[in-house]
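First the structure, in the form of structure tokens, and then the observations on it.
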Amino acid sequence: MKHKEPLIYISKRESLPWQKSWMIRGIAIMLALVFCGVITMLLTKLNPIEVFSTLFYGAFGTPRKCWVTGQKLAILLGISLAITPAFKMRFWNIGAEGQVLIGCLACAACMITLGNKVSNGLLILISLAASLAAGAIWGFLPAFFKARWETNETLFTLMMNYIAMQLAAYFIIVWEVPKGSGTVGVINDQTEAGWLPMIGGKRYLLIILLIALLTVVMYIYLQYSKHGYEISVVGESRRTASYAGIKVDRVIIRTMVLSGAICGLMGFLLVSGNDHTLTTTLVEGRGFTAVMVSWLAKFNPIFMVFTSLLLVVMKLGATEISSTFGLNDSFADILTGIILFFIIGSDFFTTYQIRFRRPHDKRTAKAEPLQPIPQSEPQKEVQ
Amino acid sequence: MENVKNAVRMENITKRFGTKVVANKAVNLELHEGEILSLLGENGSGKTTLMNVLCGIYHPDEGQIYIHDEPVTISSPKDAFDHGIGMIHQHFKLVDVFTATENIVLGLKGHLDMKEARQKVREICEKYGFDIDPDQKIYNMSVSQKQTVEIVKVLYRGADILILDEPTAVLTPQETDKLFQIMRNMQKDGKSLIIITHKLHEVLEVSDRVAILRKGEYIGDVPTQSADQQSLTDMMVGRRVSLNINRPDPVDPKPRLVIEHLTAYDELGVKRLDDVSFTANSGEVLGIAGVAGSGQRELLEAVAGLYPVKEGTIQFYDPKVDYSDAISKRNIAKSILLSIITLGVYLIYWEYLLVKNIRAIKKDESSCIGEMLCLIFVPFYSVYWWFTRGKTVKEEFASHGCTATGNEIAYLVLGIFGLSIVSMAIMQNDFNSLPPEVIQSNQQNASNKPVNLVGMDPMSIRKAGVAMSFVPEDRLGMGLVGTMGMTGNMLLRSWRKTKGLFVSRKEPEAMAKRIWQELEVVTPSTNYPVRRLSGGNVQKVLVGREIAQEPAVLMTAYAVRGLDINTSYTIYNLLTEQKMKGRAVIYVGEDLDVLLELCDRIVVLCGGQVSGVVDARTTDKREIGVLMTQHRGGADNEA
């Protein structure tokens, strides 16, 4: 008998206990680190253990580094939380970059134009409101067009990013300090008007606490609220949603306004709480990284803490590696890329299982215990 | 039987999915040359998997396939074609804008000569009696013609082993007969055929031999002559099954849903429903028959508020009992409120009058007490006055030191009249701004006026108190959320009911557990995603939920499509149970035998029009078949 049986079988998994799927992901990260080590060794002839310890040193080496990691984590996590409701609704909002930036712009505008004209507390409130509103508008527009005319939200939100960027670029020139520098410098450097206050003497503590609170609130909102339920149903099937009496258009718009407003909040935190300046690259592409964070965590806000931590640590660590060992900045990107590749690739192994061709006799022997079919007297009652 | 040659022999075929699911377990199947073999089995018995193995879509984990007694390995559909095996799938795979011939030659390699191809197609058609025009575009074709193209496509490629997967599901009885004739022609030409179908009478009619699968195992085969419906079912299910649908007579049928002149267009402006009129009564099962795509889906969705209606009305007559309680409570509350207001206004009015009188006539210090007494007693005496014609009221007034004149008595009477008129007017006005459910009951009590559902969306229909349940055709795409468990899906109906920001899962959880037990849904837990359940269990969840709403009207679209005999009968029994509870059940079905057995009346749709309404007890399949294909043909049969 000739055998032309395929070598590997790929079949979809029934379901996987979450411990197992996280184990697969863990293995993927380990493998990625090993692979990174090999690559590092081959390309740079450096000791990989040393490289990895430098990586961790970069993220957690000193209290200051820890705080920076915490702050970066908070900002990335916050933006990821913002886009999650939209993504859960299968509204592919890749405009977080623009929504955050427009929030930054609104906040900076308030700080620059109203600085020292109103009391500090009021100024913070006004800039917060302005940032929320700006982000909400940036979220509302694509949602409205989607709900009304079925426009493609991916393109729409992407384009809105550029509008936000151009607006920011324009206003930076309008407000530039000193003239001709092309930057706005540190806003209200002397008076610190509109700056978020420090609590406990720690610069980043307030932001970290706020985002922690936001994470819990978002988790409850998505998991237990009526809105969260509506979002999941709309995301699953719009037809089911309208069958259940959910006003789909309204849910889309409402969710995107919320999503945009939280992005606006992040913009406010960036400018008022952190950077105190405005540049077109203030968001650092985190609006896009957030998509990855959210997706890797399967849209679960609690898991997102871990995925964003991973990405932040990688980023900071890789930067440390490149500076310590005098490597090019791109080397950091290579390492991050490798790790992401492995993590995303691990998804394949959690959804599919792979089996290799086994020798014939072994197969039959192994097949026996796999038969759950009860033997109910066949064809007895039939002639 | 010794010198029978096998076209196909499958030996010990085992196919597993994952580690747990064994779709086929050591199946042995033989297809003799020149025979028609029926492959029979419940859902999930592995028929389609086995045929997919034969066609090269799946590779078996174990076992060997022999074609014409030669061992072969089939690892792709192309391999299968090379061995002369062709499968006609349930879902057609045709390019709509191409002609029949273009579709047939699509994907063939080598030099393409359309003229020659067309000629060859014609020849095949003539040979077997197909009725298609090789130059007709697919989008102009009926379902049956499309199926024919699929068959010709397979024959064109030289297949001599044909597999037809549920080919009759989409056909009318007449078209089915034609298909069977063609199958016999092919058989005479030496082709070997395997037909998969759930309809036992068709098995008996067309096949030579029946092979039966149960839960992935090969149970056996019987020559068709020595089989009957009962014996085949028993073999298929593995125990004795009663094949009768209990159909009690309707009790006290009253119009529940009256549809008149319903016309609807789809988004491309094509008329989907054309002047549809019929009535669904309480306590009866109304069947809706028709070839697939005759407007059944649009009709039900229009009633459910999911499809835009251009013209016509859908009147819903509410069974009073369901709402009288809630409405009377509301009415009592309103009345009490209004009478308090009335009383207040009334008292102020009389205070003014009496105080004026008392001050004018008697200016002594006791007037204060008199005033108060008057104020308290006047409303009561005014009622008393109606019975005693004012005599006593005057005396009473006098006894409290107030002498009311005739004029003032007249004011009193007028005041009472005026105020009662004003309060009635307020009441009436107020009712009009009440929630529709109250208006509706109000109107219904007054003139028995129904609610028109046209222009309402599902939420406003529910808010209007119209108790309507809908089991849509697309179970996971419309009726259920696949990624959620039973509880989450129960919520789909009740999420709005709880107050506040958060959903309550307690009640849905209880409902899910109840359905889980009562309908014997096979699922590991109420949170296990329903998408992963088998078709029958998915449908049980959906039907269970819809019935649990205690609807006045229950609409079901293809409630048993794809379900095996056992589950189908469970569903039929559930529907009959609903009917006996006085609910109006609308059953859109495709199996005419079932429609005839289950329903009380049958509305036949054809091209979006009602071509007839027939009494299911007196009509037969032929008549319905004719109506299904003939516009307005039997419109006089109105039952």
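The values are calculated or read from the model by the stated rules, or taken from the named source; none is laboratory data. What you are looking at is a predicted structure, and each value in this text was computed from that prediction instead of being measured. Positions of Cβ are generated from backbone atoms using ideal geometry, with glycine treated the same way; all protein chains shown enter the neighbour counts. Ligands, DNA and RNA are stripped out before the accessible areas are found, and what is left, the full protein with its side chains, is counted by its heavy atoms. Shrake-Rupley method; radii C 1.70, N 1.55, O 1.52, S 1.80 Å.
Check segment B:121-129 and report whether any residue there is more than 28 Å from the chain's Cα centre (by Cα) and under 16 Å from B:F92 (Cβ atoms).
Keep residues of segment B:121-129 that are more than 28 Å from the chain's Cα centre (by Cα), which gives B:121-129.
Next, from what is left, pick out any that are under 16 Å from B:F92 (Cβ atoms): none.
Within segment B:121-129, none of the residues are more than 28 Å from the chain's Cα centre (by Cα) and under 16 Å from B:F92 (Cβ atoms).
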* **Residues that are open to solvent by less than 20 Å² (accessible area, probe 1.4 Å) and outside any helix (DSSP H, G or I), drawn from segment B:88-123** => B:I88, B:T99
* Output for segment B:512-550, where each listed residue is surrounded by fewer than 19 Cβ atoms within 10 Å (Cβ to Cβ), touching a residue at least 60 places away in the same chain (Cβ under 8 Å) and not hydroxyl-bearing (S, T, Y) -> B:G535, B:Q549, B:E550
* Asked: Got at least one residue in segment A:305-327 being under 30 Å from B:W495 (Cβ atoms), of a type outside the set (K, R) and at pLDDT below 90?
  -> yes
* Taking the stated definitions as given, is B:E577 open to solvent by 10 Å² or more (accessible area, probe 1.4 Å) and either over 13 Å from the mean Cα position of the chain (by Cα) or within 12 Å of chain A (Cβ to nearest Cβ) (or both)? -> yes
* Asked: With A:A244, A:A261, A:A193 as the choices, which residue is closer than 30 Å to B:D457 by Cβ and touching a residue at least 24 places away in the same chain (Cβ under 8 Å)?
  -> A:A261
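Have a look at B:E175, B:E202 and point out the one that is farther than 27 Å from B:N24 by Cα, surrounded by 17 or more Cβ atoms within 10 Å (Cβ to Cβ) and either charged (D, E, K, R) or not assigned by TED's automatic domain parsing to the domain that holds B:V154 (or both).
Working: B:E202 fails: farther than 27 Å from B:N24 by Cα.
That would be B:E175, the only listed residue that is farther than 27 Å from B:N24 by Cα, surrounded by 17 or more Cβ atoms within 10 Å (Cβ to Cβ) and either charged (D, E, K, R) or not assigned by TED's automatic domain parsing to the domain that holds B:V154 (or both).
Answer yes or no: is there a residue in segment A:261-276 that is outside any helix (DSSP H, G or I), out of contact with any helix residue (DSSP H, G or I) (no Cβ under 7 Å at 6 or more places or on another chain), away from chain B (no Cβ under 14 Å) and not β-branched (V, I, T).
Among the residues of segment A:261-276, at least one is outside any helix (DSSP H, G or I), out of contact with any helix residue (DSSP H, G or I) (no Cβ under 7 Å at 6 or more places or on another chain), away from chain B (no Cβ under 14 Å) and not β-branched (V, I, T), which makes the answer yes.
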* Does B:K215 qualify as being more than 8 Å from every other protein chain (Cβ to nearest Cβ) and of a type in the set (D, E, K, R)? -> no
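Checking the condition under 24 Å from the mean Cα position of the chain (by Cα), part of a helix (DSSP H, G or I) and at pLDDT below 85, which residue from A:L43, A:L55, A:L31 passes?
So the residue among A:L43, A:L55, A:L31 that is under 24 Å from the mean Cα position of the chain (by Cα), part of a helix (DSSP H, G or I) and at pLDDT below 85 is A:L55.
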* Asked: Going through segment B:125-163 one residue at a time, which ones are among the aliphatic types (A, V, I, L, M) and crowded, with 18+ Cβ neighbours inside 10 Å?
  -> B:I132, B:I138, B:M141, B:V149, B:I151, B:V152, B:V154, B:L155, B:A159, B:I161, B:L162, B:I163
* Asked: With respect to the numbered conditions (1) open to solvent by less than 20 Å² (accessible area, probe 1.4 Å); (2) touching a Leu at 6+ places or on another chain (Cβ under 9 Å); (3) more than 7 Å from chain A (Cβ to nearest Cβ), which one is the sole condition not fulfilled by B:R475?
  -> (1)
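Conditions tested, residue by residue: (1) modelled with pLDDT of 95 or more; (2) open to solvent by 10 Å² or more (accessible area, probe 1.4 Å); (3) under 23 Å from B:G500 (Cα atoms); (4) among the polar types (S, T, N, Q).
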residue: A:E236; (1), (2), (3), (4): no, yes, no, no
residue: A:A241; (1), (2), (3), (4): no, no, yes, no
residue: A:A244; (1), (2), (3), (4): no, no, yes, no
residue: A:K247; (1), (2), (3), (4): no, yes, yes, no
residue: A:C263; (1), (2), (3), (4): yes, no, no, no
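Of the residues A:L167, A:L222, A:L210, A:L214, which is in contact with a helix residue (DSSP H, G or I) (Cβ under 9 Å, 6 or more places away or on another chain), among the hydrophobic types (A, V, I, L, M, F, W, C) and within 12 Å of another protein chain (Cβ to nearest Cβ)?
Numbers: A:L167 fails: within 12 Å of another protein chain (Cβ to nearest Cβ); A:L210 fails: within 12 Å of another protein chain (Cβ to nearest Cβ); A:L214 fails: within 12 Å of another protein chain (Cβ to nearest Cβ).
From the options A:L167, A:L222, A:L210, A:L214, the qualifying one is A:L222.
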* Among residues of segment B:161-186, those that are at pLDDT below 90 and either closer than 22 Å to B:I65 by Cα or touching a Cys at 6+ places or on another chain (Cβ under 6 Å) (or both), counted -> 1
* **Qualifying residues in segment B:480-511 (those that are farther than 23 Å from B:G536 by Cα and more than 9 Å from chain A (Cβ to nearest Cβ)) - the one surrounded by the most Cβ atoms within 10 Å (Cβ to Cβ)** => B:S494
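Residue-by-condition table, conditions (1) outside any loop (DSSP other than H, G, I, E, B); (2) open to solvent by 20 Å² or more (accessible area, probe 1.4 Å):
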position	(1), (2)
B:L39	yes, no
B:T48	yes, yes
B:M51	yes, no
B:H59	no, yes
B:A80	yes, no
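On the given criteria, is B:K5 touching a strand residue (DSSP E or B) at 6+ places or on another chain (Cβ under 8 Å), open to solvent by less than 30 Å² (accessible area, probe 1.4 Å) and more than 14 Å from chain A (Cβ to nearest Cβ)?
Judged against the criteria, B:K5 is not a match.
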* So which residues in segment B:240-252 are within 14 Å of chain A (Cβ to nearest Cβ), charged (D, E, K, R) and surrounded by 13 or more Cβ atoms within 10 Å (Cβ to Cβ), if there are any at all? -> none
* Any chance segment A:262-278 includes a residue that's among the aromatic types (F, W, Y) and over 30 Å from A:I137 (Cα atoms)? -> no
